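Structure, as structure tokens:
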Amino acid sequence: MKTFPRCTFVAQPLQSHVSYTVLNGKLVPWDGPTIPVYSPSMVESSDGPQRTCLGSIPRMDSIASMKALDAAEQAFDNGLGAWPSASMASRVESVEAFIKAMLLVREDVVNLLMWEIGKVRPDAEKEFDRTVDYLRDTIQSVKAMEREAIHFREEGGILAQVRRVPLGVALIMGPYNYPLNETFTTLFPALLMGNTVVFKPAKYGVLLITPLLEAFANCFPPGVVNIIFGRGREMVSKIMETGRIHTMAFIGTHKGASDLKRLHPHPHRLRAVLGLDAKNPGVVMDDADLNLSVSQALAGSLSFNGQRCTALKILWVQKGIHDAFVAKLAEGIEGLAWGLPWEASTKITALPEDGKTAYLDGLVQDALAKGARIANPSGGVFDETFYAPTLLTGVTSEMRIYHEEQFGPVVPIVAFEDIQEPIQYGVESPYGQQVSLFTKNPHSLGRLVDVFVQQVGRVNINAQCQRGPDTFPFNGRKDSAEGTLSVYDALRAFSIRSLVSFASNGDQKGLVSEVLSHRSSQFLSTDFYL
Ligand code: G3H
């Protein structure tokens with residue numbers, strides 16, 4: 001019999017009260033109301049299991065967020081501020097200084113990832129290291145972009161120089177499941193392209209920004225990075241209503257994204273970079289490799305308790321392989337150790353979202369009432385913040401779990417006979433992020449690939465869904481995303497091409513040559529950045 005994980009010590013060393021924020025290049029004290037931050041991991045106490053309080057964050061209001069917007073707008077200064085007009089070399093220098101500061105606090109951030117969102121140590125370390133790699137790769141990519149931009153193009157008697165320029169003030173909001181990685185993979189491309197930023201850390205996984213606040217204040221000129229802490233709606237609505245936000249990076253629900261976009265008085269002036277809901281299906285054909293498909297389905301649906309936007313959230317399994325697949329997957333699920341994030345063998349941990357276990361139980365009870373079955377012995381139980389990984393078979397379209405994105409450790413299986421059934425599911429789904437196809441048959445695989453590339457952003461062959469490698473485009477169709485991210489694409493998402501053109505005759509060429517030789521323009525320039 002498995003037991004619910006309990007911690008026997010409190011996170012005293014982590015007590016982290018954020019009493020200041022970053023505004024206009026300074027650490028500004030906050031003495032207003034605060035919001036406590038609790039760990040999802042339950043700690044034993046004389047009053048029974050408790051969620052330990054890890055610290056608190058400022059509960060800033062719309063007045064504070066307007067100040068952040070004012071500072072960012074002033075620093076941008078219509079693209080003529082110190083940051084947008086700085087050379088790429090000096091922007092890169094700032095980001096390199098930040099990376100250096102970031103590496104010094106790796107262990108603090110990893111610890112907070114474990115305590116705040118329950119991410120197991122290897123995954124927390126991977127999130128940190130992957131983020132640093134991403135920033136370094138972005139620097140290489142931006143240098144390549146700069147080298148390209150020094151060239152003049154001639155077409156039909158017109159010469160032109162084309163460069164990417166920033167869009168303005170970017171509002172950056174991250175998700176709780178990758179509070180460092182998914183936030184920084186939009187924040188830093190936005191900064192490197194010369195935008196100034198209002199940054200709202202994720203709802204959970206917010207304290208882990210604390211060890212970096214000083215670096216944010218010190219590495220960038222005043223007003224370039226302004227941080228707002230608190231409840232999203234209370235702070236962000238007001239600044240969206242001003243129409244002074246030019247780009248918005250948001251990772252969350254499509255409903256949340258639409259509500260925010262709707263607040264902007266000129267939606268056509270707002271560029272949105274959105275990572276939204278997903279319900280990625282895994283389709284397992286009769287001829288699939290059983291061991292491979294089970295191991296990929298296990299990792300795909302239950303890494304970080306299924307709290308990945310790319311997680312496999314519904315498995316379609318053909319009837320010939322169904323029973324063997326279910327038995328093996330149930331065995332795999334039973335083998336996953338429940339525990340605390342810092343324990344070496346732990347795979348399944350407590351969930352940070354308020355009310356999450358009750359929500360998951362609601363999904364499971366609904367499915368059971370409509371004829372589904374729990375296929376693993378320890379499935380279907382929960383306690384406080386912990387929900388046991390649960391394999392549900394006999395799932396049908398009548399059940400909520402068939403439609404809703406569970407974002408947790410419940411794995412629904414739909415048995416099918418005719419491949420048209422999962423195809424229809426993919427076509428009718430409001431989501432379109434990724435799919436995993438498991439088969440050894442090249443003919444059916446080829447056909448399925450052609451069907452699914454029209455529905456989703458990525459088709460994975462005999463492998464789980466995932467975002468990486470980060471140089472690959474990461475996007476989605478329908479309600480799953482807007483825009484494309486990758487090391488290369490993110491730089492484009494936060495900038496726009498502008499060009500300067502002139503007739504390719506002697507007079508104009510002479511004039512522009514003078515501009516170049518006197519270095520009188522930042523834009524019209526052939527300075528080479530090595
Ligand atoms: O939550 C969405 C993440 O971008 C997924 O990334 O596939 O590397 O876990 P991942």
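Summary table below
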| read-out | value |
| --- | --- |
| Helix 88-104 vs. the chain, principal-axis angle (Cα, 0 to 90°, nearest 10) | 40 |
| Along each principal axis, Cα extent of the chain, largest first, Å | 81, 62, 40 |
| Apportionment of accessible area to carbon and sulfur, the stretch 61-275, percent (1.4 Å) | 51 |
| Mean-position separation - Cα centroids, the stretch 34-64 and the stretch 500-530, in angstrom | 57 |
| Between helix 506-518 and the chain: long-axis angle, C-alpha atoms, 0 to 90°, nearest 10 | 80 |
| Length gained when the stretch HIS268-ARG231 is fully extended (0.36 nm per residue, less Cα-Cα span) | 10.7 nm |
| Taking the chain and dividing mean pair separation by its residue count, relative contact order in percent (alpha carbons under 8 Å, at least six apart) | 18 |
| Calculated FRET efficiency for the pair GLU154/ARG400, C-beta based, R₀ 51 Å, to 0.05 | 0.25 |
| With DNA, RNA and ligands ignored, accessible area of ASP47 (1.4 Å probe; Å², nearest 10) | 130 |
| Net charge of Cβ neighbours under 13 Å - reference PRO265; Lys, Arg +1; Asp, Glu -1 | +4 |
| Among VAL169, ASN218, TRP115 - extreme Cα towards positive end, dipole of the stretch 104-220, charges at beta-carbon | VAL169 |
| Per-pair calculated FRET efficiency, R0 = 56 Å: LYS26 and ARG373 via Cβ, rounded to 0.05 | 0.40 |
| Accessible area of SER45 in the full protein assembly, 1.4 Å probe (Å², nearest 10) | 50 |
| Accessible area per residue, Å², the stretch 257-306 with all protein chains present, probe 1.4 Å | 36 |
| Test item: Cα-centred dipole of the chain, Lys/Arg +1 and Asp/Glu -1 on Cβ, debye | 780 |
| Those chymotrypsin sites (Phe, Trp or Tyr not before Pro) in the stretch 306-359 that DSSP places in a loop and that have at most 16 other beta carbons within 10 Å | TRP342 |
| R0 of 30 Å, Cβ-Cβ distance SER521-GLN140: FRET efficiency to nearest 0.05 | 0.70 |
| All Cα pairs of the stretch 101-167, percent lying beyond 19 Å | 56 |
| Relative counts (whole %) of C-alpha pair distances in the stretch 144-270, using bins that are 5 Å wide | 2, 10, 18, 20, 18, 12, 8, 6, 4, 2, 1, 0 |
| Expected 222 nm ellipticity per residue - DSSP helices of 4 or more, -39500 (n - 2.57), all of the chain, to 500 | -12000 deg cm²/dmol |
| On Cα atoms only, tilt of 442-452 relative to the major axis of the chain in degrees | 60 |
| Estimated inter-spin distance, HIS443 and LEU292, nm [label 7 Å along Cα→Cβ] | 2.0 |
| Derived scalar couplings ³J(HN,Hα) [the stretch 188-201; Karplus, 6.51 cos²θ - 1.76 cosθ + 1.60; whole Hz; x for Gly, Pro] | 6, x, 4, 5, 4, 7, x, 6, 9, 9, 10, 10, 10, x |
| Farthest toward positive dipole pole in the chain [+1 Lys/Arg, -1 Asp/Glu at C-beta], among LEU135, THR349, PRO84 | PRO84 |
| Spatially near lysine pairs across the stretch 61-275, Cα under 28 Å, sequence gap of 8 or more or different chains | 25 |
| The stretch 162-233 versus the stretch 385-407: alpha-carbon centroid distance in Å | 34 |
| Within the accessible area of the stretch 342-450 (1.4 Å probe), percent carbon and sulfur | 51 |
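The values are calculated or read from the model by the stated rules, or taken from the named source; none is laboratory data. Keep in mind that what you see is a predicted model, and the values were worked out from it rather than measured. Here Cβ is always computed from backbone atoms with ideal geometry, including for glycine, and neighbour counts include all displayed protein chains. Side chains are part of the model used for accessible areas, which takes the heavy atoms of the whole protein and leaves out ligands, DNA and RNA. Shrake-Rupley method; radii C 1.70, N 1.55, O 1.52, S 1.80 Å.
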